[in-house]
Each structure stands twice: as structure tokens, then as C-alpha cells.
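Below is one structure, written out as C-alpha cells; comments come after it.
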Amino acid sequence: MPLRVRALLPSLLGASLALAQSPVQLGQEAGRAYQAKAWVEAARLYAQAAAQDTTDPSLAYNAACSFALAGDREQAFTWLERAHQAGYLEAEATGRDSDLQGLHGDARWAPFLARMAATRDARAKTLARLWDSPALATPFQEELPEDERIAGLSKFWSEVKYNFVDTERLAELDWDGLYLRTLPRVRAARRTADYYRVLQELCAQLRDGHTNVGLPPVLAEREAARPLIRARWVEDRVFVSEVGEEALRAQGVVPGLEITAVEGRPVRAYLEAEVMPWQSASTTQDLRHRALTFAFLAGPLTGSPAVTFQPIHGAPFTVKLPRVTGAERPKHFAPLPAFTTRWLPGNVMLVGLNSFGDDTPLKAFEQALPELTKARALILDLRENGGGNSSVGYRILAHLTATPFATSHWSTRDYKPTFRAWGRGLQTYDGGSGRVDPAPGAPYTGPVALLMGPGTYSAAEDFAVAFDALKRGPLVGEASGGSTGQPLFFRLPGGGNARVCTKRDTYPDGKAFVGVGVQPTRLARLSLADFRAGRDTVLEVALAELKR
């Protein structure tokens, strides 16, 4: 099956061809020929593109697939070899690829796969020693040696310095100076728990939600445990939204209560002093949402924070809330399905797109299409969608339009050491903006509204950007989290890990949304009266918008 052409986000793309075609344009035209099962034409175009861009193995691999489907074994093996030499090393995927079924009986097939696997294994060992050496991936200890702590700090500092996409932020922070100022704190943090807290506070200063330091699993379970309640912001105040334990309900802790204090400190002051400084977030709304949703009341498993509640009527009361491990929490809160539907008044269908983590919502959406087409209008709810794979959302959106649509424009740093030695400025690789073709079959053409908020994040924001640029309907709710990009993952001493955002995304026309959020076209927030009455303010505003 042809691979995605580098620098293009989705695999089904369309764009007008210039007279002098670039490898990207040739790859797009080849992809259309492949979809039309014009194997000979697809093979010719992919081969032409690969000849121009010898650094992109996907072009050569796609040429091999097309030649195999066209019945030309010699050319198929020639281009497989070129893909291999260009860096394509996915031996198992190649062996499973149905496009190459016609090569399986050839005496060259098994030795080629074995050679590809051997190259992959050797390359992996070399890259592991270079980029993610086991020397720094030491096991957990309660107290890490000082040398390991400093090495971990240095690893994080260097990966950020050379890979973090926001170089302006690094200059503003004086990243080298911040490294020096952090060294004494790392030396003093003998306990591994304290050490990781220092790293997380350092990371938070980058102000990027796709750049994080993760605790070793042992510490995550023991030092970042949380009580069995969930909370949310309503009119700039904190309220209980869910309670996952009957023993707490018996003590009067129920949804709808306002949380006014933690350990005797006003809840806002508690969040600002004890939670937010360690949260990596791209925007104010991202920070507030992340602090309350993922880290509120977190701490040692043995602790029970004293939380003060204010009922609608009566005096405030305080309850100590026992913490449980992260592994225990899912047993008490029902997981949110990736895809849901619900009929609303006026023949409107509410479609919950709660995750793009895999193809589950896409498959469910396509299976539900016959029912969805009966709706006068659709409301797509992405308020709880924290992201995943952008292509999943794009392929759903492709069922809602009869015309191609543009996806986010992306770029990344293009660091060349020699250019730096020559005194040249920072270089940028411009990945451009992709275009997605409509899905096969008749699209849904009725009115569509999209619900969004601070929990709309990453790949869900990519969906919102494409939806907005397509002008498919109103965006109702609050600004999104304002963070997307491609993280680079690596390990740290003591069993922890980190990731660094390497990619900058914008609207197709260059308009920024990272660091600010995708903005709604119709601002709407949950009101306190509606929250207590069990009504959804944002949904009701969207229904009103669709009546216009």
C-alpha cells in the first residue's frame, strides 16, 4: 500500500499541477492514479518523483508497489531496493503489504526481507547509541547518583536546544543560562521524586503542551495519586463534576458542590502555587484545564488532602479525600467512548468525537453514515477530544464536503551545522499545507456545527482548523487548548521520559493557533445555572445557531 508522501499530512491529496512538477506534485498525481487503480501510470509517476527526491523512501516504495500491481516484477524489485537504500526498513510491514503479493513467489523475496530486517536492526542499534543511549536510560532508584541527575538535565537541555520548534522562546528564556541556574537545584535534589519535580518545573517554562517530562512509573503511581473526584471550571470557579466512590457520597461529596479551599488555602491560590508551576501548557486556557483535569489534588498516595466544599444551601464543610493510584482510577470512572451519537430535537444528530487515538471513531462514523444522512443537521462535539492521529479526523471531515480542503501548514527547524559555522541564520523547513480529497460516495451536505473548548487539543485542533478553513459551519464554545505538533520522545535516568515539540502548525494561510487556540466563531460557556440544572449551555447555543 503506498506510503504517505513526506511533507503532506494525509495520504489522499489533490492539488493543481504546475508545468514543472515537483516531487510533491508528482506524488500527489501518482496517488490519484493509484486510487483509480491505474497501476502503470502510478508507477511511472512515483518513479519520476523518487528519481527527483532520492531522500524520501516512501516515493520509491510506492513506485515498487505500483510496479508490482502492474505485474512488472523486475521494476518492483529495483524500486524496493532503492527504497531500502533510501532508508525504508519496515520489513514486517513490507512482508504484509498486499500490494506486493505478486512478489512472494520470487526467489529474491525472502532474502530481500531478511536483508531489510538486518539493516533495520543494525541501524536501530547505532541510532540508539547516538540518540537514545541505554547509558542514560537507567532504572529507577529512590536516590539517583548526582552524575545521573546532571546527565539527565543535560540530555533534556540539549534535546530542547536543538529540536524545540519555538526558538524565540528559547532565546527569551536564555536557555543556557536557565540550565546553569537549574544545576544547583538538580545537585540538591537527591530524592528522585524531587529531581523530577525540578525537571518538570524547568519544562513548564517552555510553555508548550507537547513538551513534557514524564515521571518514572513507580513515582507516577506513588507520588501523583489523586482522589476519586473530578472537577471543572464553571464561571471561573471550581465545582465537583463527578464522584467515583460511594464512601465519599456518603460524606456529602456529590456533583455540583463548589470547591472553595484545599488544606485551608483558597482553591485558586492552591492551584497557582501547588499545581500550575509544574504543568507544561501552551495557553492560559490549556494551563487551567490541565491543572484541574489531570493534576488537581495530586500528591503522595499516603496523603488525604482536606478539601472544603460549599453546598448551594447551608454551611461549608471539609472532607479528607483519600488518594488512589492512576491504575485504580479507571475502575471508578466510566471511560468516554471514542464515538457516540444522540438524537436531539429538530432532527439534529449530536456526534461525539472524543478521541482520534486510532481508527475507531472513523470506522464508527462511516458505519453510522446511513443514519447520519437522515439528520437535518449535525453537531460534532470535540470538547473532550485530546487528540491522536490527525488523519483520522481529516478522513471523517472528508465525508462532510464535496470539495477538497486544506489542512494545517507546518514547518520545522532545519539545522545544518556547516551553515551555522558560515554564520547563516536559523533555517526552516517548510512542509507546506496538505489537501484532502472528499471521501468516495455522496457527502453529507446538511448544516454542521462544531463544539470546542480547552479540552479540544492536538489532532482535534487540526480537525477544527480544517473545519474552520473549509467554512463548513460555526465553531461554538471556547478557544481550544492551543497546542499541536510532532513530539520527539526520549528516555531519562531513573525510568522517566520526556518529549519535545519539533513542529510548528498554523492555519493553511499562516494564521497562528498554537499558543492562542482555535477561536470559536460563536463564544459560549457553561453557565452555573445550567450546570446545576444539568443543561448544556454550549450545546443549546449550537442548536440555536443551526436554526438561523
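List of remarks:
- Percent of beta bridges antiparallel (DSSP, the chain, rounded to nearest 5): 75 percent
- For region 80-220, the Cα-based Rg and Dmax, in that order, read 21.4, 64 Å.
- Positive dipole terminus of the chain, leading residue within A466, G256, G87 (C-beta point charges): G256
- Distant alpha-carbon pairs in the chain (separation over 40 angstrom), percent: 34 percent
- Rounded to the nearest whole Hz, the Karplus-based 3J(HN,Hα) values (6.51 cos²θ - 1.76 cosθ + 1.60, θ = phi - 60°) of region 320-326 follow the sequence 7, 9, x, 8, 10, 6, x, with x at glycine and proline.
- Other-chain or far-sequence residues with amide H under 5 Å of D56's (modelled H): none
- Backbone HN-Hα couplings from phi across region 182-189 [Karplus 6.51/-1.76/1.60, Hz, Gly and Pro as x]: 7, 3, x, 5, 5, 4, 7, 8
- Alpha-carbon centroids, region 383-418 and region 89-119: separation in whole Å: 31 Å
- Charge dipole (debye, nearest 20) of region 412-548; +1 at Cβ of Lys and Arg, -1 at Cβ of Asp and Glu: 400 debye
- R0 of 60 Å, Cβ-Cβ distance E371-S154: FRET efficiency to nearest 0.05: 0.60
- Cβ-placed point charges (K, R +1; D, E -1), dipole of the chain about Cα centre in debye, nearest 20: 300 debye
- For region 83-155, the equivalent ellipsoid derived from the alpha-carbon gyration tensor has semi-axes of 40, 11, 9 Å in decreasing order.
- Euclidean distance between Cα centres, region 178-193 to region 41-62, Å: 50 Å
- Considering only T445, L297, L113, and ranking their Cα positions along the charge dipole of the chain that arises from unit charges at the beta-carbon of Lys, Arg, Asp and Glu, the one farthest toward the positive end is L297.
- 0 to 90° range, to nearest 10: angle between helix 109-131 axis and the chain longest Cα axis: 40 degrees
- Dipole size of region 225-347 about its Cα centre, with +1 on Lys/Arg Cβ and -1 on Asp/Glu Cβ: approximately 180 debye, rounded to the nearest 20.
- Extension reserve of the A533-T428 stretch, reckoned as 0.36 nm per residue once the Cα distance is removed: 32.7 nm
- Helix content alone sets the calculated 222 nm mean residue ellipticity of the chain: runs of n ≥ 4 DSSP H residues at -39500 (n - 2.57) each, divided across all residues, give -12000 deg cm²/dmol.
- Residue-count net charge about E245 - beta-carbon cut-off 15 Å; Lys, Arg +1, Asp, Glu -1: +4
- The HN-Hα couplings worked out from phi for region 255-268 by the Karplus form 6.51 cos²θ - 1.76 cosθ + 1.60 (θ = phi - 60°) are x, x, 6, 7, 8, 9, 7, 10, 6, x, 9, x, 4, 5 Hz, whole numbers, x standing for Gly and Pro.
- If you sort the three axes of the alpha carbon gyration tensor as a ≥ b ≥ c, you get a/c of 1.5 or more for region 35-84 and a/b no higher than b/c, which makes it oblate.
- Prolate/oblate/rounded label for region 222-336 (Cα gyration tensor, a/c 1.5): rounded
- Surface composition of region 74-212: carbon and sulfur make up 53 percent of the accessible area, probe 1.4 Å.
- Between L382, V275, P404, the Cα set farthest toward the positive side of the dipole of the chain (charges on each charged residue's Cβ, about the Cα centre) is that of V275.
The values are calculated or read from the model by the stated rules, or taken from the named source; none is laboratory data. Keep in mind the model is a prediction, meaning the values are calculated, not measured. Backbone-built Cβ (ideal geometry, glycine too); neighbour counts: all protein chains shown. Accessible surface areas use protein heavy atoms only, side chains included; no ligands, DNA or RNA. Shrake-Rupley method; radii C 1.70, N 1.55, O 1.52, S 1.80 Å.
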